[in-house]
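One structure is given here, and the rest of the page talks about it.
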Amino acid sequence: MIGITAERCIGAIVEKEVAHFLSAITGAEALDRHAWSGLYLSSVMDWNAEPVAESMREDGTTESQVLSGASLSGLRLMGGGQELEFHQDVPLGEEIVVSTQLADAQLREASSGALLLLTVQSVFETSAGPILTRRETFIGR
Amino acid sequence: MTGDARIEVGMTIHPLEWSPTNVQLFRFSGATWNAHRIHYDSVYAQREGYNDVLVQSHLHGCQLLAALLNWVDGRARLERFRWQNRHLAMVGDVLTCTGTVVHTDDAGFECDLQEVNGDGIVCAPAWARLAYNHV
């Protein structure tokens, strides 16, 4: 699984989505559309539009929320953080493609038990090139 | 930061204090299509051993960025941003986002940021690099 890239089209971002996202963040001003559109892009957990209730785990998460194709059944996943690089403005209304790969997976022992650390790298781009590179870690137990 | 104020190492951003509510976390989960029950289902959260629902990891990052961008006030453009989810936070916590300029050059500047809870525990350290918007 490590190093294998999955590519999918997530559609276009519209202004209202970003506005809704901003309204849930204390103190966020809409002044910097470049930054907030990028943060929105990097924060959405699942771009599936179809109802996927049948594929949801008991905790509400779905397989596609972390890494499409990876079997993470039985694992409790929490977000560990992100590294983001903003290449250009997120163009509203233009189709975006995201390429995702599992960059690393490590099993570590902690005082609370074994932890699985997953690092997932994604590149969001349009026909004009890369918009955002995201490197995100997840902690599974 | 206002007008043409020069950015210098050691400058601090205006603190942003926020206290997550059930409604805010629910709205953030909705906006980010995050159905993880730990963020909106109090009964589930308590079953998992927490007093109440937990703040989403991405929301920590967003609050840190809100503090930074409010201080920047449109004078610079975000190039890179990284944050870690180090300590959990939940509904009712009082969280404060602060930051300090740690590097400047002709093109831009860098800030170390952190979000701290009421007990002084760092919930999320962060770092950002911004490029000046030249008029």
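The values are calculated or read from the model by the stated rules, or taken from the named source; none is laboratory data. These numbers come from a predicted model, not from an experiment. Neighbour counts are summed over all protein chains in view; Cβ atoms, including those assigned to glycine, are modelled from backbone coordinates with ideal geometry. Note: accessible area is taken over every heavy atom of the protein model, side chains too, but ligands, DNA and RNA are not part of it. Shrake-Rupley method; radii C 1.70, N 1.55, O 1.52, S 1.80 Å.
What are the residue pairs meeting all of these: first residue in the range A:39-67, first residue over 12 Å from B:Ala35 (Cβ atoms), second residue at pLDDT below 65 and aliphatic (A, V, I, L, M), Cβ atoms under 8 Å, and 6 or more apart or on different chains?
A:Glu63/A:Ala70; A:Glu63/A:Leu72; A:Val66/A:Leu72
Here are some residues: A:Gly80, A:Gly140. Which one is open to solvent by less than 20 Å² (accessible area, probe 1.4 Å) and modelled with pLDDT under 90?
Going through A:Gly80, A:Gly140 in turn, the sole match is A:Gly140.
For B:Asp52, state whether it is on the phi > 0 side of the Ramachandran plot and acidic (Asp, Glu). Quick ask: steps written out before the conclusion?
Values: on the phi > 0 side of the Ramachandran plot: no; acidic (Asp, Glu): yes.
So B:Asp52 fails the test.
Within the range A:51-72, how many residues turn out to be away from every other protein chain (no Cβ under 12 Å) and modelled with pLDDT of 60 or more? Walk me through how you get there before you give the answer.
Step one: filter the range A:51-72 for residues away from every other protein chain (no Cβ under 12 Å), giving A:54, A:63, A:67-72.
Still in the list and also modelled with pLDDT of 60 or more: A:54, A:63.
Looking only at that region, the number is 2.
Exactly one condition in (1) surrounded by fewer than 17 Cβ atoms within 10 Å (Cβ to Cβ); (2) closer than 29 Å to A:Ile131 by Cβ is not met by B:Val55; state its number.
It is condition (1) that B:Val55 fails.
Would you pick out the residues in the range A:5-39 that are of a type in the set (A, V, I, L, M) and at the interface with another protein chain (Cβ under 7 Å from one of its Cβ atoms)?
Start the filter on the range A:5-39 by keeping residues that are of a type in the set (A, V, I, L, M), which leaves A:6, A:10, A:12-14, A:18-19, A:22, A:24-25, A:28, A:30-31, A:35, A:39.
Result: A:Ala24, A:Ile25, A:Ala28, A:Leu31, A:Ala35, A:Leu39.
Those residues that are acidic (Asp, Glu) and without any contact (Cβ under 8 Å) to a residue 12 or more places away in the chain, I need them from the range B:46-64; list them, please.
Filtering the range B:46-64 for residues acidic (Asp, Glu) gives B:48, B:52.
The one that is acidic (Asp, Glu) and without any contact (Cβ under 8 Å) to a residue 12 or more places away in the chain: B:Glu48.
So B:Gln24 passes all but one of these: (1) open to solvent by 60 Å² or more (accessible area, probe 1.4 Å); (2) within 10 Å of chain A (Cβ to nearest Cβ); (3) without any contact (Cβ under 8 Å) to a residue 40 or more places away in the chain; (4) more than 21 Å from A:Ile139 (Cα to Cα). Which condition number does it fail?
Of everything listed in (1) open to solvent by 60 Å² or more (accessible area, probe 1.4 Å); (2) within 10 Å of chain A (Cβ to nearest Cβ); (3) without any contact (Cβ under 8 Å) to a residue 40 or more places away in the chain; (4) more than 21 Å from A:Ile139 (Cα to Cα), B:Gln24 misses just condition (1).
Which condition number in (1) within 12 Å of chain A (Cβ to nearest Cβ); (2) small (Gly, Ala, Ser); (3) closer than 22 Å to A:Thr137 by Cβ; (4) in contact (Cβ under 8 Å) with a residue 40 or more places away in the chain is the one that B:Ala67 fails?
(3)
Identify the single condition in (1) at pLDDT 90 or above; (2) open to solvent by less than 20 Å² (accessible area, probe 1.4 Å) that A:Gln106 does not satisfy, given that it satisfies every other one.
All conditions pass for A:Gln106, except number (2).
For (1) within 17 Å of the chain's Cα centre (by Cα); (2) on the phi > 0 side of the Ramachandran plot, each residue gets a yes or a no:
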{"residue": "A:Ala103", "(1), (2)": "yes, no"}
{"residue": "A:Leu107", "(1), (2)": "no, no"}
{"residue": "A:Gly113", "(1), (2)": "no, yes"}
{"residue": "A:Thr119", "(1), (2)": "yes, no"}
{"residue": "A:Val123", "(1), (2)": "yes, no"}
{"residue": "A:Ala128", "(1), (2)": "no, no"}
{"residue": "A:Arg134", "(1), (2)": "yes, no"}
{"residue": "A:Thr137", "(1), (2)": "yes, no"}
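Residues in the range B:83-94: is at least one under 21 Å from A:Ile139 (Cα atoms) and of a type in the set (D, E, K, R)? Full working, then the answer.
First, the residues of the range B:83-94 that are under 21 Å from A:Ile139 (Cα atoms): B:83-90.
Cutting the leftovers down to of a type in the set (D, E, K, R) gives us B:86.
Yes: the range B:83-94 contains one or more residues that are under 21 Å from A:Ile139 (Cα atoms) and of a type in the set (D, E, K, R).
State the number of residues belonging to the range B:4-21 that are open to solvent by less than 20 Å² (accessible area, probe 1.4 Å) and in contact with a strand residue (DSSP E or B) (Cβ under 6 Å, 6 or more places away or on another chain).
Of the range B:4-21, the ones open to solvent by less than 20 Å² (accessible area, probe 1.4 Å) are B:7, B:13, B:18, B:20.
Narrowing the set further to residues that are in contact with a strand residue (DSSP E or B) (Cβ under 6 Å, 6 or more places away or on another chain) leaves B:7, B:13, B:18.
Final tally of qualifying residues: 3.
Got a number for residues in the range B:27-64 being over 23 Å from B:Arg82 (Cα atoms), facing chain A (nearest Cβ under 8 Å) and in contact with a strand residue (DSSP E or B) (Cβ under 7 Å, 6 or more places away or on another chain)?
Residues meeting the conditions: 2.
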